[in-house]
1. Quick check on the stretch 223-254: of everything there that is over 24 Å from residue 175 (Cα atoms) and in contact (Cβ under 8 Å) with a residue 40 or more places away in the chain, which residue is nearest to the chain's Cα centre (by Cα)?
2. Give me the residue from the stretch 140-162 that is touching a residue at least 40 places away in the same chain (Cβ under 8 Å), in a loop (DSSP other than H, G, I, E, B) and under 19 Å from the mean Cα position of the chain (by Cα) and, out of that set, nearest to residue 234 (Cα to Cα).
3. Would you check which residues across the stretch 118-139 are touching a strand residue (DSSP E or B) at 6+ places or on another chain (Cβ under 8 Å) and outside any helix (DSSP H, G or I) and list them?
4. Confirm whether residue 197 is crowded, with 20+ Cβ neighbours inside 10 Å, closer than 24 Å to residue 182 by Cα and modelled with pLDDT of 95 or more.
5. Of the residues 200, 176, which single one is part of a loop (DSSP other than H, G, I, E, B) and more than 21 Å from residue 27 (Cα to Cα)?
């Protein structure tokens, strides 16, 4: 597996950093757009127009694996891969994950963000916050010499300490010229196990955390994954570069601050 993990050159890192910044701008644009009453297809079309016409980039998800849209829109009990729909309007109590990929100059960035509608319950808000913080618990383990198991263990331990469960069917992944490269980045595991991290590796960390049991099922459309118990699910995702001393979040948004210790 070591040999199949692509180490990015300094030139490639510059290009990936640029793609990540453009993707962060896309989420910034959505911050004032996503609200109750709009459809998930409205969001899809807005993002497609912004990426192509404002950023002069390519929505990398469109056409990937035969998928027709530029993002996944996963509401409430939808774990991932929710498909945009003209009749699916956001309700004032919903939580929604928007998962977007963008390609610029041959390199792809991948990130997702939860949007919490004004009347979402405190329990829903708590799940969203814990999921986000669990992702950061994993990110903070990234440095040369650390192992993938360190990341997964940190995420799992954090989420499970709140009584939540980690979805195991889906994981983070290497990314670069291709959307999915080696290695696979599990969001559970044991410390000091798995691939050793090296400077120049780039991968996503994207835990999916369920309010109830970890079990999921795929709907008849072949895409949409939901919790079996119909309880809520949340996800957070960033694209991460292993640096000489730690990590760089290539898709970091303006509204986010890095932990002080890094």
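The values are calculated or read from the model by the stated rules, or taken from the named source; none is laboratory data. The model shown is predicted, which means the values in this text are computed figures rather than measured ones. Every residue, glycine among them, receives a Cβ derived from its backbone with ideal geometry; neighbour counts consider all protein chains shown.
1. 233
2. Among them, the one singled out is 140.
3. Residue satisfying the conditions is 120 alone.
4. Working: crowded, with 20+ Cβ neighbours inside 10 Å: yes; closer than 24 Å to residue 182 by Cα: yes; modelled with pLDDT of 95 or more: yes.
Answer is yes for this residue.
5. After ruling out the rest, the residue left standing is 200.
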